[in-house]
Structures are given as C-alpha cells and as structure tokens.
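Here the structure comes first, spelled out in structure tokens, and everything after it is commentary.
The values are calculated or read from the model by the stated rules, or taken from the named source; none is laboratory data. On a predicted model such as this, the values are computed, not experimentally measured, just so you know. Note that each Cβ is placed from the backbone with ideal geometry, even for glycine, and that neighbours are counted across all protein chains shown.
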Amino acid sequence: MSERMKGKTVIVVGAGSSGPGWGNGKAAAALYAREGAKVFAVDFRLEAAQETESIIRAEGGECSSFRADVVSSEDLRDMAAACVEQYGQIDVLHNNVGIVETGGPVETSEESWNRVIAVNQTSVFLACKHVLPYMTARNSGAIVNIGSIAGVRWIGFPYVAYSAAKAALISMTTNIAVQYAAQGVRANCVLPGLMNTPLIREPLAKTYGGNVDSMIEQRDKLSPTGKMGDAWDTAYAALYLASEEARYVNGTSIVVDGGLTARCV
C-alpha cells in the first residue's frame with residue numbers, strides 16, 4: 001500500500017457489516033487502515049464495529065470501536081469527542097450508514113418514510129454537525145458521504161424514501177462543501193450503483209421474488225458490465241476523495257456504477 005492516509009484519523013460511521021462478507025463501511029475502514037490511517041469504527045451494533053477492528057488490528061493497523069445510534073445527536077456528539085480524546089484529531093468523516101425499504105408513496109408507511117429519512121439523511125446532518133467544529137478548529141478536513149445512484153435516477157423498483165434521502169444527501173453535501181471550503185474542509189459524495197454487499201440480501205430479496213441467487217442474477221444483468229460492483233469499488237472511490245490526491249476536489253459526486261446511469265434504457 002502507498003500509505004496515502006498516513007498520519008490521518010478517520011471516523012467511519014457504519015463501519016460494521018449488516019451480514020457476512022464485506023459491506024461498504026467495513027471495506028472502507030479496512031482500506032483506510034491499510035493506507036496508514038487510524039480508524040475510529042462506529043456502528044449501532046458494537047460487535048460489528050469490533051469485528052472490523054479485529055480485522056484491522058490483525059493486519060497491523062490501528063483501530064478503535066465505538067457504539068452509536070446515528071439518529072441520536074447525543075451519541076454522535078459523544079462519538080466526535082471520543083475520537084478526539086483517543087486520537088487527538090479528526091481528519092476524515094466517512095458517513096456510510098444506510099437502510100433500504102422499498103415502496104412508492106402509496107405503499108410506504110409514514111413510519112417507514114420517517115425511519116429511512118432519519119437513518120439515511122438526518123444521520124449525516126448530525127454527524128457533520130458534531131464533527132465540523134473539530135475540523136474547522138484545525139482548518140482541515142474531508143467529509144465523504146456514501147450516497148446512491150437512486151438519488152439521481154430510477155433503478156428498477158420504487159424506493160421513494162430511500163431515493164429522496166439520497167437525493168437530499170447530494171444537495172446537503174454540496175452545501176457543506178461550499179460553506180466550509182474557505183475553512184479548509186472538503187465534502188464529496190460517492191454514488192454506488194447496483195452493488196453486491198450484505199445490505200441487499202435481506203431487504204431486497206423479497207422485491208426480486210424472494211430468492212437471493214435470482215436477485216443477484218437479475219441485478220448483474222442490469223449492469224452494462226454484466227456484473228454488480230462490490231464494497232471495494234465503493235471504498236477505493238472514497239479513499240481517493242479522502243486523500244490529499246483529491247485536495248482540490250470539492251462539492252462533487254463520483255458515480256461508481258459500471259456505467260448504469262450513463263445508459264438510457
């Protein structure tokens with residue numbers, strides 16, 4: 001590895017995986033550590049964050065785990081303070097938490113709408129709210145928000161709340177990017193397309209007929225490449241945006257979807 005993140009401290013919110021295998025946050029945390037960062041791994045399920053920590057430490061990296069409910073302002077305030085107490089600084093905030101619940105405006109309950117908006121959108125607002133003061137105090141920082149191409153296009157099924165949250169995340173990121181640019185803080189998004197991660201298996205299998213293998217086959221066919229991407233594709237895009245190589249990249253979104261958004265049909 002090139003040690004692109006040497007000397008940096010990275011908070012990864014959603015650093016655990018929702019099931020066996022590599023989720024976007026787990027892969028990003030491991031990659032940041034492999035590139036020399038100290039990782040503060042945050043997840044609602046402490047055991048999931050600790051699993052990521054154990055992988056990083058087994059590879060010789062440095063990582064600490066922290067439990068937080070991302071819709072709790074108090075928890076995320078404590079998260080930021082604990083990271084600074086542990087490592088002295090926050091160089092990168094990587095917001096990865098997300099849930100998927102399908103349905104259009106008629107089928108989606110108000111409870112589902114509020115839950116999806118809170119976890120996918122409000123959580124990022126709260127994390128930024130509590131981390132930005134530490135970044136501006138040092139006149140330095142990078143925020144990487146993991147969105148989705150669902151925020152910019154239809155991807156096969158109605159995800160009205162999820163799509164709304166991810167569209168809002170893109171706009172929120174550009175607002176933060178411009179407001180804080182003069183204070184040394186950058187903010188950018190990664191927009192993954194159809195990805196083969198643990199997150200898709202439980203909530204989406206029913207939408208595709210209830211069979212996981214059939215779902216994977218159908219989603220592979222939707223991609224111009226003939227195959228979905230995976231967590232590492234998202235992680236490498238995030239690594240670039242977090243690194244000094246992207247020091248003049250601000251307020252933009254990197255689409256990681258194998259060309260799906262470029263295709264008209």
* Structure fact -> Expected single match for within 20 Å of Val119 (Cα to Cα) and in contact with a His (Cβ under 6 Å, 6 or more places away or on another chain) among Ala49, Ala80 is Ala80
* **Residue check, Ala82 modelled with pLDDT of 95 or more, under 20 Å from Ser123 (Cβ atoms) and touching a strand residue (DSSP E or B) at 6+ places or on another chain (Cβ under 8 Å)** => yes
* Asked: Can you tell me which of Ser54, Ser123, Ser109 is closer than 28 Å to Ile176 by Cα and either out of contact with any Asp or Glu (no Cβ under 7 Å at 6 or more places or on another chain) or at pLDDT below 95 (or both)?
  -> Ser123
* helices (runs of 4 or more DSSP H) wholly inside region 181-265 containing at least 1 residues that are over 21 Å from the mean Cα position of the chain (by Cα) and modelled with pLDDT under 90 -> 201-205, 212-222
* Can you tell me which residues in region 237-265 are loosely packed, with under 15 Cβ neighbours inside 10 Å, touching a residue at least 12 places away in the same chain (Cβ under 8 Å) and within 16 Å of Ala187 (Cα to Cα)? -> Glu244, Glu245, Arg247
* Index of the failed condition, Asn139 passing every other in (1) surrounded by fewer than 18 Cβ atoms within 10 Å (Cβ to Cβ); (2) at pLDDT below 95 -> (2)
* **Residues located in region 31-48, provided they are closer than 17 Å to Ala127 by Cα and either among the aromatic types (Phe, Trp, Tyr) or in a helix (DSSP H, G or I) (or both)** => Phe40, Phe44
* To do: Search region 3-26 for residues that are in contact (Cβ under 8 Å) with a residue 12 or more places away in the chain and part of a loop (DSSP other than H, G, I, E, B) and pair each with any residue that is surrounded by 24 or more Cβ atoms within 10 Å (Cβ to Cβ) and of a type in the set (Phe, Trp, Tyr) when their beta-carbon atoms are under 6 Å apart and the residues are at least 6 apart or on different chains.
  => Met5/Tyr32
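Here is a yes/no grid of residues against (1) within 18 Å of Gly16 (Cβ to Cβ); (2) surrounded by fewer than 17 Cβ atoms within 10 Å (Cβ to Cβ); (3) among the basic types (Lys, Arg); (4) under 20 Å from the mean Cα position of the chain (by Cα):
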position: Ala41; (1), (2), (3), (4): yes, no, no, yes
position: Thr52; (1), (2), (3), (4): yes, no, no, yes
position: Leu76; (1), (2), (3), (4): yes, no, no, yes
position: Ala81; (1), (2), (3), (4): no, yes, no, no
position: Gly98; (1), (2), (3), (4): yes, no, no, yes
position: Arg115; (1), (2), (3), (4): no, yes, yes, yes
position: His130; (1), (2), (3), (4): no, no, no, yes
position: Pro133; (1), (2), (3), (4): no, yes, no, no
* Structure fact -> Out of (1) on the phi < 0 side of the Ramachandran plot; (2) surrounded by fewer than 23 Cβ atoms within 10 Å (Cβ to Cβ); (3) in contact with a strand residue (DSSP E or B) (Cβ under 7 Å, 6 or more places away or on another chain), the one Ala187 does not meet is (2)
* Residue check: is Ile90 out of contact with any Asp or Glu (no Cβ under 9 Å at 6 or more places or on another chain), touching a residue at least 60 places away in the same chain (Cβ under 8 Å) and β-branched (Val, Ile, Thr)? -> yes
* Under 8 Å between Cβ atoms, at least 6 apart or on separate chains: pull out the pairs that start in region 114-133 with a residue that is under 13 Å from Tyr162 (Cα atoms) and end on any residue that is surrounded by fewer than 23 Cβ atoms within 10 Å (Cβ to Cβ) and of a type in the set (Asp, Glu). => Arg115/Glu101; Val116/Glu101
